[in-house]
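Everything on this sheet refers to the single structure shown next.
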Amino acid sequence: MNGLKQWKCSRGHVLGVVQRVKVNDFHVTRLMLFRHAINLEANGKMEDVDVIAIVEGTTLDAACDVDQCGAKRTWHMGQDAMEKLIRMYAAE
């Protein structure tokens, strides 16, 4: 998970990581959402993750499950993903 930006809840627990990848001729920002959030302050390790989803679009209310934290965060589709979507529909 080196080189990836951590995506955290408001209390600092890691809900996933953000990666930028090239898909065909497009660059897309993706969220790799973890099954369980990681508390790095309590010796949580990034190597111990289980990725539940890879999100290019929007996902609402990803909830943190560290010690009943319950903080929620929304991942919004980036402009690059929106442009990819528009070009795909325009090509049809």
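The values are calculated or read from the model by the stated rules, or taken from the named source; none is laboratory data. All values reported here derive from a predicted model rather than from experimental measurement. Every residue, glycine as well, gets a Cβ built from its backbone with ideal geometry; the counts of neighbours run over all protein chains shown.
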If a residue has to be more than 26 Å from Glu83 (Cα to Cα) and outside any strand (DSSP E or B) to count, how many in region 1-33 make the cut?
7
So the check is Cβ under 6 Å with 6+ separation or different chains; which pairs have a first residue in region 67-92 that's of a type in the set (Phe, Trp, Tyr) and a second one that's surrounded by 11 or more Cβ atoms within 10 Å (Cβ to Cβ)?
Trp75/Leu31; Trp75/Val55; Trp75/Thr59
Which numbered condition Glu47 fails, given (1) in contact (Cβ under 8 Å) with a residue 40 or more places away in the chain; (2) acidic (Asp, Glu); (3) more than 15 Å from Val17 (Cα to Cα):
(3)
Taking region 69-92, which residues are at pLDDT 85 or above and more than 16 Å from the chain's Cα centre (by Cα)?
Cys69, Gly70
Taking region 52-76 and keeping residues out of contact with any Leu (no Cβ under 6 Å at 6 or more places or on another chain), more than 13 Å from Lys8 (Cα to Cα) and either of a type in the set (Phe, Trp, Tyr) or surrounded by 12 or more Cβ atoms within 10 Å (Cβ to Cβ) (or both) leaves Ile54, Glu56, Gly57, Thr58, Thr59, His76
Identify, from the list Val18, Val28, the residue that is among the β-branched types (Val, Ile, Thr), closer than 15 Å to Glu56 by Cα and in contact with a helix residue (DSSP H, G or I) (Cβ under 8 Å, 6 or more places away or on another chain).
Val28
State the number of residues belonging to region 17-48 that are surrounded by 12 or more Cβ atoms within 10 Å (Cβ to Cβ) and modelled with pLDDT of 85 or more.
15
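With a cut-off of at least 3 residues that are within 12 Å of Trp7 (Cβ to Cβ), name the strands (runs of 3 or more DSSP E) lying wholly within region 34-92.
72-75
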Hits in region 9-49 (condition: over 16 Å from the mean Cα position of the chain (by Cα) and of a type in the set (Phe, Trp, Tyr)):
Phe26
